[in-house]
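Working notes, beginning with the structure itself.
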Amino acid sequence: MILSVLTGALYMGFLLPGIYALGHLFKSCFQDFSILLRGIFTFALGFALYGFVMMLLSFTGFYQVGVLSGLVLLLFLFSLKSWGDLREWGSEVLRFLVCDTSSFERGFAILFLVSCALTLVLNVLPETANDALCYQLHLPKLYARRHSLRPLEEELNSYMPQFWNYLYASALLFKSVFAAKLFHWMTALLLSLALMSYLNFRGVQRPWALFSGLMLLLTPTVFNQMSATYVDIAASLYLFLALIILCSNRQALSLKLHFISGIFAGIAVAIKLISLWALPFLGMILIFSGFMDKNLKSVPSRGLVFLSGFFLACGYWFLRNGLLEGNPFYPYFGHWFGTSGIHNLGAYMGYGVPKSFLNYGLLLGWMTFKPELFDRGHWIGPYYLGTLPFLFAAFRKESKLVFLWGFFFIGYSIFWFFLAQNARYFMPALVSWGVLSGVGISSFYDARRKGAVKRAMLGIAFFLSLSLFLLGIYHYRYEIFSLLQRRSSSEYLTKVERSYPIASWTNRHLPPNSKIFNAEEIRQYYFDAEIIRWNMLKIREPYRGESNPKALISEIKHRGFTHILRVKNLSSSSASEDPVLQLLDQSISQDPRVRPLITIDSENLRDDRYRYSLYEIG
């Protein structure tokens, strides 16, 4: 673990100045914004360009650790020209956070810095997040192992837009999970800073700009992801930056900025496909801005330039999938295009509360008081419901601004409400609410004349901030104790990650050329041997053999599998409804070619425990 952290720190230490230098090539486009926002735009563009360079290396066959090391060194040397601007931006960030302030402002700044430092340190721990072990980090591991970013036939998730995962793969070329985690941690830092900076740029007083950014950072939906290789925060960052440009309400807003706004929106889709929900509302905001600026004639050209940037950034994935599979949205919507694919949209639509207009009106209340309906691990917290009354003050002060950001919140949340009520997917709406509530609280505060009322508001804000920070400490309590007690990676993973003990055993005892038929553990990251889930395999190659145990084992062996992993949830007595897996259980007990190797029960302290039985096919 120490080597992974040191390698990752070295990689990111050399890379980040180079990332800034890449984005700095477009510095002239952002002159109308504050220094803080200019630096955030610069980093976002730099990450985007670096991701495309990774794709280019893969296409040309140079996706190797040696080539990447040389590239990072060249970027670092190239960054020397922009170090002055980078230092200026860093100094401005520190000045904004820690300049001479009131005690409450210092409190907000301290909580922000401590929260960032805590999650940064927690990133040294091995990955344990569910989706990361399923595909967000598992696929980058396979990309790094194969030295290619091409999609994998046996992993349908690899056909989805994977832009940020390509950055994770670059870190895994250096065998550093720590560096992969830092890519996502950086997006959380930039997102909260972007909200603070934008609010302050729009005239919100510094304490309330600080508070709004801190509330976003400490929202459990965000804070609980800062130490994981997920992609929700990254997608939200790019959507937010696209919105900042479109909501600038400047008649002189250049076509270059509309192009960059389209790139940011496209990168959001390239990171997470469901960001497509935002596209209609970004287009409507572009039109509304034309109305507000009394410049409708420019809307078609602005829209065309925006869409050009958008498709340049994300069109590759849709074009590739259309050419390879005949379905630009593969592995989804196969029924539209007559292709195979994943048909689990019904499961997403089953999240949350019943879909009615009444429940939509009560949405923030449901998400606040019934978080288990939307994924308890990503609760939105009490801030968003609590700031609802301040929206009236926001509208009185900044009606145009509130209209645009409110329109995006309502439009995006309606799509989310009727399609997939998972709290993680709601993050872009939470960021837009952060703009609305920040303006509203600041406006209400400015209108108060009594100092006691103002002090009470600041006191309540600090109490809420501290409470959410302590809640975050509680969420990470086991991770913090593990670091303090200096537990080894193996000991930590055994107590936290259910799949680790069986994966560790297979890594030590199975031959290097082993191939495991996985039935059915979704968390595959810690297995070194080739392992393929039946639920993915059956979509590409469904079993059409005879319904007898020996025929099934013969088919599995014919497909090159040497071992079978059978998994049972010890907290559930329900049997598998998959007829092939039912037949597999008969095969294991009846076919003499199947020899049991080991059965291991997981020891994880969180989540359900599982029993893993590994068999060898003779």
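The values are calculated or read from the model by the stated rules, or taken from the named source; none is laboratory data. Just so you know, these numbers come straight off a predicted model, no measurement behind them. Cβ: placed from backbone, ideal geometry, glycine included. Neighbour counts: every protein chain shown. Surface accessibility is based on the protein's heavy atoms, side chains included, excluding ligands, DNA and RNA. Shrake-Rupley method; radii C 1.70, N 1.55, O 1.52, S 1.80 Å.
Can you find, within segment 458-495, the residue that is surrounded by the most Cβ atoms within 10 Å (Cβ to Cβ) among those that are touching a Phe, Trp or Tyr at 6+ places or on another chain (Cβ under 6 Å) and either over 28 Å from residue 600 (Cβ atoms) or among the acidic types (Asp, Glu) (or both)?
461
Sort through 566, 611, 498 and tell me the only one that's in a loop (DSSP other than H, G, I, E, B), under 32 Å from the mean Cα position of the chain (by Cα), surrounded by 14 or more Cβ atoms within 10 Å (Cβ to Cβ) and modelled with pLDDT of 90 or more.
That would be 498, the only listed residue that is in a loop (DSSP other than H, G, I, E, B), under 32 Å from the mean Cα position of the chain (by Cα), surrounded by 14 or more Cβ atoms within 10 Å (Cβ to Cβ) and modelled with pLDDT of 90 or more.
Whether any residue in segment 551-560 is closer than 17 Å to residue 155 by Cα, open to solvent by less than 50 Å² (accessible area, probe 1.4 Å) and over 33 Å from the mean Cα position of the chain (by Cα) is what I want to check. Don't jump to the end; show me each part of the working.
Restricting attention to segment 551-560, the residues satisfying the condition of being closer than 17 Å to residue 155 by Cα are 559-560.
Next, only the ones that are open to solvent by less than 50 Å² (accessible area, probe 1.4 Å) stay: 559-560.
From what's left, over 33 Å from the mean Cα position of the chain (by Cα): 559-560.
Within segment 551-560, one or more residues are closer than 17 Å to residue 155 by Cα, open to solvent by less than 50 Å² (accessible area, probe 1.4 Å) and over 33 Å from the mean Cα position of the chain (by Cα).
Taking residue 178 as the residue in question, decide whether it is open to solvent by less than 10 Å² (accessible area, probe 1.4 Å), among the aromatic types (Phe, Trp, Tyr) and farther than 26 Å from residue 383 by Cβ.
It is false that residue 178 is open to solvent by less than 10 Å² (accessible area, probe 1.4 Å), among the aromatic types (Phe, Trp, Tyr) and farther than 26 Å from residue 383 by Cβ.
From the list 34, 58, which residue is in contact with a His (Cβ under 9 Å, 6 or more places away or on another chain), surrounded by fewer than 21 Cβ atoms within 10 Å (Cβ to Cβ) and in contact (Cβ under 8 Å) with a residue 60 or more places away in the chain?
None of the other options fit; the residue is 58.
Here's the yes/no breakdown for (1) assigned to a helix (DSSP H, G or I); (2) open to solvent by 30 Å² or more (accessible area, probe 1.4 Å); (3) under 18 Å from residue 238 (Cα atoms); (4) modelled with pLDDT under 95:
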site	(1), (2), (3), (4)
251	no, yes, no, yes
256	yes, yes, yes, yes
263	yes, no, yes, no
268	yes, no, yes, no
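Restricting to segment 378-392, name every residue that is open to solvent by 10 Å² or more (accessible area, probe 1.4 Å) and of a type outside the set (Phe, Trp, Tyr).
Answer for segment 378-392, where residues must be open to solvent by 10 Å² or more (accessible area, probe 1.4 Å) and of a type outside the set (Phe, Trp, Tyr): 378, 382, 385, 386, 388, 389, 391.
Take the conditions at pLDDT 95 or above and closer than 30 Å to residue 158 by Cβ and apply them to residue 273. Does it pass?
In short, no.
Within segment 537-563, can you find the residues that are modelled with pLDDT of 90 or more, of a type in the set (Ser, Thr, Tyr) and not in a helix (DSSP H, G or I)?
562
Among the listed residues 533, 523, 544, identify the single one that is without any contact (Cβ under 8 Å) to a residue 24 or more places away in the chain and closer than 26 Å to residue 169 by Cβ. Spell out the reasoning first.
Numbers: 523 fails: without any contact (Cβ under 8 Å) to a residue 24 or more places away in the chain; 544 fails: closer than 26 Å to residue 169 by Cβ.
Only one candidate passes the filter, namely 533.
Whether any residue in segment 570-579 is in a helix (DSSP H, G or I) and closer than 17 Å to residue 534 by Cβ is what I want to check.
yes
Might you let me know whether segment 298-315 holds any residue that is in contact (Cβ under 8 Å) with a residue 12 or more places away in the chain, basic (Lys, Arg) and crowded, with 18+ Cβ neighbours inside 10 Å?
Within segment 298-315, the subset in contact (Cβ under 8 Å) with a residue 12 or more places away in the chain is 299, 301-303, 305-315.
With the extra rule that they be basic (Lys, Arg), the set shrinks to 302.
From what's left, crowded, with 18+ Cβ neighbours inside 10 Å: 302.
Checking segment 298-315: at least one residue is in contact (Cβ under 8 Å) with a residue 12 or more places away in the chain, basic (Lys, Arg) and crowded, with 18+ Cβ neighbours inside 10 Å.
Give the residues of segment 23-39 that are among the basic types (Lys, Arg) and at pLDDT 90 or above, sorted by residue number.
Across segment 23-39, the qualifying residue is only 38.
Give 442, 413 a once-over and let me know the one that is of a type in the set (Ser, Thr, Tyr), surrounded by 22 or more Cβ atoms within 10 Å (Cβ to Cβ) and in contact (Cβ under 8 Å) with a residue 24 or more places away in the chain. Step through it out loud before you land on a result.
Numbers: 413 fails: surrounded by 22 or more Cβ atoms within 10 Å (Cβ to Cβ).
Exactly one of 442, 413 is of a type in the set (Ser, Thr, Tyr), surrounded by 22 or more Cβ atoms within 10 Å (Cβ to Cβ) and in contact (Cβ under 8 Å) with a residue 24 or more places away in the chain, namely 442.
Can you work out which of the residues in segment 364-377 that are part of a loop (DSSP other than H, G, I, E, B) and of a type outside the set (Asp, Glu) is most open to solvent (accessible area, probe 1.4 Å)?
Among those residues, the one meeting the criterion is 370.
Checking residue 290 against (1) in a helix (DSSP H, G or I); (2) open to solvent by 40 Å² or more (accessible area, probe 1.4 Å); (3) not charged (D, E, K, R): exactly one of these is not met. Which one?
Only one criterion is unmet by residue 290, namely (2).
For residue 534, are the conditions met, namely being of a type in the set (Phe, Trp, Tyr) and either open to solvent by 20 Å² or more (accessible area, probe 1.4 Å) or at pLDDT below 90 (or both)?
In short, no.
Pairs under 6 Å by beta carbon, first residue under 18 Å from residue 222 (Cα atoms) in segment 360-377, partner polar (S, T, N, Q) and surrounded by 13 or more Cβ atoms within 10 Å (Cβ to Cβ), six or more apart or different chains?
374/421; 375/422
Hand me the list of helices (runs of 4 or more DSSP H) wholly inside segment 383-442 holding 1 or more residues that are of a type in the set (Val, Ile, Thr).
Helices (runs of 4 or more DSSP H) meeting the threshold: 399-419.
Which residue, of 113, 118, is open to solvent by 40 Å² or more (accessible area, probe 1.4 Å), part of a helix (DSSP H, G or I) and not polar (S, T, N, Q)? Before the answer, list the steps.
Working: 118 fails: open to solvent by 40 Å² or more (accessible area, probe 1.4 Å).
Within the list 113, 118, the selection yields 113.
May I ask you to list the residues in segment 569-598 that are open to solvent by 40 Å² or more (accessible area, probe 1.4 Å) and not polar (S, T, N, Q)?
570, 575, 577, 579, 585, 592, 593, 595, 596, 597, 598
Being surrounded by 15 or more Cβ atoms within 10 Å (Cβ to Cβ) and closer than 21 Å to residue 224 by Cβ is the requirement here; does residue 504 meet it? Reasoning before the result, please.
Details: surrounded by 15 or more Cβ atoms within 10 Å (Cβ to Cβ): yes; closer than 21 Å to residue 224 by Cβ: no.
In short, no.
Suppose we keep only residues that are in contact (Cβ under 8 Å) with a residue 40 or more places away in the chain and open to solvent by 10 Å² or more (accessible area, probe 1.4 Å) within segment 396-408. Which one would you say is nearest to residue 431 (Cα to Cα)?
By that ranking, first place goes to 407.
Can you tell me how many residues in segment 583-606 are within 17 Å of residue 550 (Cβ to Cβ) and in contact with an Asp or Glu (Cβ under 7 Å, 6 or more places away or on another chain)?
Of the residues in segment 583-606, 1 are within 17 Å of residue 550 (Cβ to Cβ) and in contact with an Asp or Glu (Cβ under 7 Å, 6 or more places away or on another chain).
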